[in-house]
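Worksheet for the structure shown next.
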Amino acid sequence: MRRRRRFPWLSYLLVGAGAVVTVVPFLDMLLTSFKGAGEYGRLPYRFLPEAFELSNYREAFVRLDLPLLFRNSVVATAVITGSVLLTSSLAGYALAKLRFPGRDLIFRLVLATMMFPPFVFFVPHFLILVHWPLAGGNGLLGDGGAGLTVSLAALVMPFLVSGFGIFLMRQFIVSVPDEMLEAARIDGAGEFTVWWRIVVPQTRPVAVTLALLTFVSAWNEYIWALLVSTANPRLMTLPVGIQTLQSYLDPNRMVPVMMAGLMLSVLPVLLLFLLLQKYYIRGVMLSGLK
């Protein structure tokens, strides 16, 4: 504390350096989206475009079916975020406040799922969806068709439950006083009512933080969306669609148009964060205190 009081400029310098490292790539992406053909990559490198052009954005709209890409991304992200919030809160409440055989073992298994990268399970998930019974032309035994890989369900099913979300919600629900829950039960409230009326309002800042993290992760998901779109190209999301611009654009023209598409995909995330930043910062602060 004494050292920080004697050298406050050091803290400001570190924070300023971190801000520059974070903001400069985003600023470069924004400025590049307005550059003309051949400007990107020219040496010496220039951040500012020679003339701010909107042709890159028009090109992105022409080359991509943006309404379809936005629809797929919005639907998949909304379903995943809502499912993760619901399942994480319910499971976190059960693991934190209910007593039943195997509770600690289940919690350890949930923690174990966090030790593996998600793409390890992509091939098993895809095979399960291919052989889903009575879907996509499949028979009762899951053979003969494409299963769920040709439907919007394929974009969301592997991400409907989050081990990290269950862990995060459980850690916060543990701190909810048992006396409040017992008082509600004495008044005749069932477990669902206790969860909805008492636990959910107490965990709102953490739920908003989890929602933002899940939204960003689902919105930017690329590998799984690319795998699913190989079975049905109409299931492309924004990240996959923007990446396809590389295949039919002139290299000198490619990067600015791609940056324009990326700016369009980033805008919803920025708007959501600006609207919910108060709750997000509060949730992060509570995470630090916990």
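The values are calculated or read from the model by the stated rules, or taken from the named source; none is laboratory data. Just so it is clear, the model here is predicted, and its values are computed rather than measured. Note that each Cβ is placed from the backbone with ideal geometry, even for glycine, and that neighbours are counted across all protein chains shown. Quick note on the areas: whole protein, heavy atoms, side chains included, nothing else; ligands and nucleic acids left out. Shrake-Rupley method; radii C 1.70, N 1.55, O 1.52, S 1.80 Å.
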task = Only residues in the range 163-189 that are without any contact (Cβ under 8 Å) to a residue 60 or more places away in the chain and open to solvent by less than 50 Å² (accessible area, probe 1.4 Å) count as the first member; pair them with residues that are in a loop (DSSP other than H, G, I, E, B) and not charged (D, E, K, R), Cβ under 8 angstrom, at least 6 apart or cross-chain, and list the lot.
result = GLY163/MET114
Pick from the range 118-161, criterion open to solvent by 60 Å² or more (accessible area, probe 1.4 Å) and among the aromatic types (Phe, Trp, Tyr), ranking: nearest to ASN220 (Cα to Cα) = PHE119
